[in-house]
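The values are calculated or read from the model by the stated rules, or taken from the named source; none is laboratory data. Bear in mind that the values here come from a model prediction, so they are computed numbers and not experimental data. Virtual Cβ from ideal backbone geometry, glycine too; neighbours counted across all protein chains shown.
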Amino acid sequence: MTTLLIESKTGPPAADAEERDYISYSAIRAYLQCSLRYYFRYIAKLPEERIGASLVFGNTIHGALELHFRRLLEGDVAPSLTEMLAAYQAGWANPSAPIRFSKDEQQHSFDGLAERMMRAFLENPVAQPKGQILGVEETLREPLIPGLPDFLGRIDLIVETDEAIVITDWKTSRSRYSAEQFDEAAAQLLLYAELACEIAAVKPLRLQFGVLTKTKEVSIDTHSVDYESASIERTKRIIARVWQAIQAEHFYPNPSAMNCSGCPYRSACRRWSGWPAFPFHSSKELLWPCYFLRSCLCLVSSRSPKDVRRCVRERTSVQAATFPFQAGDSAYGMGNRFGRKLGGYVIREHRRYRLPRQ
């Protein structure tokens with residue numbers, strides 16, 4: 001039986017991850033972004049080949065905020081800017097995989113931005129929430145959807161005010177969130193609200209995001225999310241559908257510039273033969289997943305269109321024929337382009353298929 005795991009904000013899955021029997025929003029979101037990437041991480045449990053510097057940076061900022069609110073929860077004095085920056089620096093130590101930096105970028109190039117963000121945070125009223133802090137990085141687990149494993153979530157901050165129980169999820173962003181971005185992220189908070197129903201048995205719940213921008217002039221915005229039963233039920237139905245797909249082992253790539261550019265499993269994706277089973281093909285027989293015309297999933301290897309045309313013409317084996325494209329290219333456009341070069345033929349599972357007329 002396929003197991004769905006929670007994705008930690010601060011590192012890779014725990015060693016005993018295969019024993020977990022719950023689902024999480026982060027794992028569901030990972031499947032929706034790319035089901036094959038979900039397979040590599042949660043089913044095959046492959047180690048990450050690399051991790052983006054921006055992701056590490058976001059985690060380090062999150063760790064510094066956790067230090068701040070945990071001090072307040074314990075009744076201590078809030079940490080100073082120096083202590084916050086020390087927590088930030090500690091977050092770079094012992095990464096789960098080699099860190100991938102962009103051109104002319106190193107760890108120290110983030111230090112100035114981190115200091116501006118921490119300084120802006122400490123000077124903002126959000127650093128001293130009104131009311132009593134009930135939980136920081138609080139883990140809640142409840143059976144939310146009949147027939148599915150328990151749902152587990154980690155809530156960044158829970159505060160009780162005179163009027164309500166306030167649940168806050170902190171995020172970092174390159175720019176200010178738009179209304180559409182808040183709406184897209186709302187499902188996470190709605191599920192957390194379901195988990196926190198017992199905590200809020202007396203007072204109403206208030207849900208909000210806190211967003212710190214990674215800009216020259218740092219901004220800190222809060223955005224409230226309406227608690228709507230219709231939205232919650234829709235989110236639950238989506239999770240149920242995703243869970244059914246996972247149980248049916250529906251794993252396939254979702255190539256795009258956004259998904260592939262920072263993917264920690266690019267080499268594994270290139271070696272993927274189209275079947276969940278391992279081991280992969282040898283390096284001389286790399287099979288590439290690609291979507292062709294009308295969303296027809298085809299498996300192609302990667303030499304040149306000329307070689308593939310020859311294989312089609314001579315009706316010989318095409319196992320060694322390949323297309324020279326990179327992960328992150330537009331797969332749909334790739335299918336159109338190479339479909340025309342092949343004279344209307346594509347290769348699928350070492351057999352030739354006629355492309356449908358447009």
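Taken over the stretch 249-297, the criterion of being part of a loop (DSSP other than H, G, I, E, B), of a type in the set (A, V, I, L, M, F, W, C) and at pLDDT 50 or above is satisfied by PHE251, CYS263, TRP272, TRP275.
Within the stretch 23-55, the set of residues being over 25 Å from PHE110 (Cβ atoms) and touching a Gly at 6+ places or on another chain (Cβ under 7 Å) comprises SER24, TYR25. Of everything in the stretch 48-80 that's among the acidic types (Asp, Glu) and closer than 20 Å to VAL136 by Cα, which residue is nearest to the chain's Cα centre (by Cα)? The residue in question is GLU66.
Residues are listed down the side, and each one gets a yes or a no for (1) surrounded by 11 or more Cβ atoms within 10 Å (Cβ to Cβ); (2) under 22 Å from the mean Cα position of the chain (by Cα); (3) at pLDDT 95 or above; (4) among the hydrophobic types (A, V, I, L, M, F, W, C):
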{"site": "GLY91", "(1), (2), (3), (4)": "yes, yes, no, no"}
{"site": "PRO95", "(1), (2), (3), (4)": "yes, yes, no, no"}
{"site": "ASP104", "(1), (2), (3), (4)": "no, no, no, no"}
{"site": "SER109", "(1), (2), (3), (4)": "yes, no, no, no"}
{"site": "GLY112", "(1), (2), (3), (4)": "no, no, no, no"}
{"site": "ARG141", "(1), (2), (3), (4)": "yes, yes, no, no"}
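Condition check for ASP183 on (1) surrounded by 19 or more Cβ atoms within 10 Å (Cβ to Cβ); (2) assigned to a helix (DSSP H, G or I); (3) not basic (Lys, Arg): one failure, at (1).
Can you find a residue in the stretch 106-113 that is over 23 Å from ILE23 (Cβ atoms), assigned by TED's automatic domain parsing to the domain that holds GLU83, part of a loop (DSSP other than H, G, I, E, B) and not aliphatic (A, V, I, L, M)? Checked the stretch 106-113: at least one residue is over 23 Å from ILE23 (Cβ atoms), assigned by TED's automatic domain parsing to the domain that holds GLU83, part of a loop (DSSP other than H, G, I, E, B) and not aliphatic (A, V, I, L, M). The numbered conditions (1) under 30 Å from ARG270 (Cα atoms); (2) crowded, with 17+ Cβ neighbours inside 10 Å are all true for PHE121 except (1). Residues in the stretch 64-89 that are assigned to a helix (DSSP H, G or I) and either surrounded by fewer than 11 Cβ atoms within 10 Å (Cβ to Cβ) or in contact (Cβ under 8 Å) with a residue 60 or more places away in the chain (or both): LEU65, GLU66, PHE69, ARG70, LEU72, LEU73, THR82. Scoring ALA240 on the criteria (1) over 20 Å from the mean Cα position of the chain (by Cα); (2) modelled with pLDDT of 85 or more; (3) within 26 Å of CYS34 (Cα to Cα) leaves a single failure, condition (1).
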